[in-house]
1. From the list TYR17, TYR34, which residue is closer than 19 Å to GLY69 by Cα and touching a residue at least 12 places away in the same chain (Cβ under 8 Å)?
2. At pLDDT below 90 and within 28 Å of LEU214 (Cα to Cα), is that true of SER138?
3. Any idea which residue in region 239-255 is nearest to the chain's Cα centre (by Cα), counting only those that are surrounded by fewer than 23 Cβ atoms within 10 Å (Cβ to Cβ) and within 16 Å of LEU201 (Cα to Cα)?
4. Only one of these is within 28 Å of MET157 (Cα to Cα), touching a residue at least 24 places away in the same chain (Cβ under 8 Å) and either part of a helix (DSSP H, G or I) or aromatic (Phe, Trp, Tyr) (or both): MET8, MET1. Name it.
5. Tell me which of these ILE293 doesn't satisfy, since it passes every other one: (1) closer than 21 Å to ILE199 by Cβ; (2) crowded, with 17+ Cβ neighbours inside 10 Å.
6. Do we have PRO97 as buried (at least 21 other Cβ atoms within 10 Å of the Cβ) and modelled with pLDDT under 95 here?
7. Read through the list (1) at positive phi; (2) buried (at least 17 other Cβ atoms within 10 Å of the Cβ), then give the number of the only condition that LYS48 fails.
Amino acid sequence: MRWGIRRMHYSVPAGLYAIGQPTHESPVLVTANYKLSFDLLRRELSGKDLWLLVLETFGINVWCAAGKGTFGTAELVSRIQKVELDKVVNHRTIVLPQLGASGVAAHRVRKATGFRVKYGPIRACDLPLFLKNGLKTSEENRRIKFTFRDRLVLTPMELVGAWKISLVVLLLLFILGGLSEQEFSLQGVLSRSLSPGLIYLGALLVGSFITPILLPWIPGRAFSLKGAQLGLLWAFAASITLASAWSVGSIIALFLIVPAIAAYFAMNFTGCSTFTSLSGVQKEMRIAVPVIILSIVTGGVTLVLGKFL
C-alpha cells in the first residue's frame, strides 16, 4: 500500500466494531475505514473496552475524507442509524477525531440521531489519557505540530506517487536524445539522455523531498512558489555542471522547465500539509497549474526547436 499498490483497496468494511469487551456504557469512537487508521486506533486502544464506529470513506483517511465530504454528516447519521447505535449503548455521546470536524455538522447529527458529538485529541496516541480524563483533552493535544520528522515521514509517498509520470518523462528524454543525431546509436542516445535525465530527477527530488523538508523556511505561502524557488536554484546549479556545454536555447529551456517541474511536485504536497486549507489549495491550483503548463510547453518547444536550428 505504501508503494501505491492497490492503495484504494486498503480498507475495512464500514460498521460497528468491538474493542475488548465493551458494555452499554462504553465509549463510542468514530473513524474512517482506511485500514491504516483503523489498525492504528486498535493498537493505541489495546486493553480498553469500547466501541469503534467505522464510516464508509472509501479507503480515505479522516482528514482527507472530511475535506472530500465522505467523512461527513450524512454518512455519520446514516451509519449510526444502520448499526442501531441507540440500542447498543445507553449514553448519547460519540467521539470524533478532531481532524474530521470540517466535514461534520454536530448540531445536525444531534438533531437527527440524538447523539452529541465530542471531539478528541489530534493524535491517536493521546486517546488513552483523553478517555481516562473523562473525555477531556488539553489545549496542547488539540494543536497540530507539523514537525521536521512529520514531514520527513510523508515524503517517501510523494516520491512513490511520481514514479509513473517519471518513467514517461525519462522515455521522452530518451527519444529526444535519439532525434538529435541522424544515426541512432544506443550508446549515443544514453550519453545524450543522461544529463537531461539527471536534471529531471533532481527537479523531482527538489519538489517532492527537499521542498517539503524545508517548507517552513522557504519564502512565500504557495507550495508551487516554494518549489519553483528551489527549482530555480537547481536549474542554476545544473546549468554550470551537467548542462555546461548546452546551447543557449537548451539553457533557456532548462530555466523554464526545471522550476515548473519542481513547482508541480511541491504543489502535490498540499494534501499532506497542515499549512493549507481546501479553499487555499483550490485557489493556488487555479493560478499555478496554467503557469506550470505554459512554462513546460514553452520550454519544450524551445528545446525541440533548438535541436533542429
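1. Only one candidate passes the filter, namely TYR34.
2. Here the answer is no, as SER138 does not meet what is asked.
3. We begin by selecting, within region 239-255, every residue surrounded by fewer than 23 Cβ atoms within 10 Å (Cβ to Cβ); these are 239-252, 255.
Within this subset, residues satisfying the condition of being within 16 Å of LEU201 (Cα to Cα) are 239, 241-243, 255.
On the way: SER239: 31, THR241: 33, LEU242: 32, ALA243: 33, PHE255: 27 Å.
Looking at residues that are surrounded by fewer than 23 Cβ atoms within 10 Å (Cβ to Cβ) and within 16 Å of LEU201 (Cα to Cα), I get PHE255.
4. Details: MET1 fails: either part of a helix (DSSP H, G or I) or aromatic (Phe, Trp, Tyr) (or both).
The conditions single out MET8.
5. ILE293 satisfies every listed condition except (2).
6. Criteria met by PRO97.
7. Checking LYS48 against (1) at positive phi; (2) buried (at least 17 other Cβ atoms within 10 Å of the Cβ), the one that fails is (1).
Here's the yes/no breakdown for (1) out of contact with any Ser or Thr (no Cβ under 6 Å at 6 or more places or on another chain); (2) within 28 Å of TRP63 (Cα to Cα); (3) part of a helix (DSSP H, G or I):
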site: ALA237; (1), (2), (3): yes, no, yes
site: THR241; (1), (2), (3): yes, no, no
site: MET267; (1), (2), (3): no, yes, yes
site: VAL281; (1), (2), (3): no, yes, yes
site: ILE287; (1), (2), (3): yes, yes, yes
site: ILE293; (1), (2), (3): yes, no, yes
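The values are calculated or read from the model by the stated rules, or taken from the named source; none is laboratory data. Since the structure is predicted, the reported quantities are computational estimates derived from the model, not experimental observations. Note: ideal-geometry Cβ built from the backbone for every residue, glycine included; neighbour counts use all protein chains shown.
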